[in-house]
């Protein structure tokens, strides 16, 4: 499954209003709910927040990839949120502000797809040009940027 296919089932929030991790996660789960990708945004948000409490998914470069596997889904979905900079709960004083959030949810019956998608997103996070393009893109341009990136992985 491609990143664009996952996003088609999810949502793009061009300007997150959240200032912190938990609120951003709730905003993105609400976006997935609004697009029919999940049916219980409160439960999904709570699962992701509990996973974040174990270890942050802020991976550097202003990017976070909060994620969770759940029994409540039969498919995977992704939401992308952009921000001017939000706190993602890092304990360090100089923690980097998060500008791009890729939130991934999937069924606990398909952890392989989940891990493959996380690997793609991690590679994407290492490509500063792609990250810059995603931050500057209009909502209509995001899918093309993701598709172009995935073609470089082949």
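The values are calculated or read from the model by the stated rules, or taken from the named source; none is laboratory data. Owing to the predicted nature of the structure, the values given are computational and were not obtained by experimental measurement. Neighbour counts are summed over all protein chains in view; Cβ atoms, including those assigned to glycine, are modelled from backbone coordinates with ideal geometry.
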- Report those strands (runs of 3 or more DSSP E) wholly inside the stretch 31-108 carrying at least 3 residues which are under 21 Å from residue 131 (Cβ atoms). 58-60, 77-86, 98-107
- Item | Single residue of 148, 123 found to be touching a residue at least 24 places away in the same chain (Cβ under 8 Å), part of a helix (DSSP H, G or I) and surrounded by fewer than 19 Cβ atoms within 10 Å (Cβ to Cβ) | 123
- Item | Filter result for residue 25 (over 12 Å from residue 70 (Cβ atoms), assigned to a helix (DSSP H, G or I) and modelled with pLDDT of 95 or more) | yes
- Task: Take the stretch 27-64 and flag every residue that is surrounded by fewer than 17 Cβ atoms within 10 Å (Cβ to Cβ) and on the phi > 0 side of the Ramachandran plot.
- Result: 36, 60, 61
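Among the listed residues 115, 135, which satisfies the condition of being surrounded by fewer than 19 Cβ atoms within 10 Å (Cβ to Cβ), assigned to a helix (DSSP H, G or I) and touching a strand residue (DSSP E or B) at 6+ places or on another chain (Cβ under 7 Å)?
Values: 115 fails: touching a strand residue (DSSP E or B) at 6+ places or on another chain (Cβ under 7 Å).
Every option except 135 fails the conditions.
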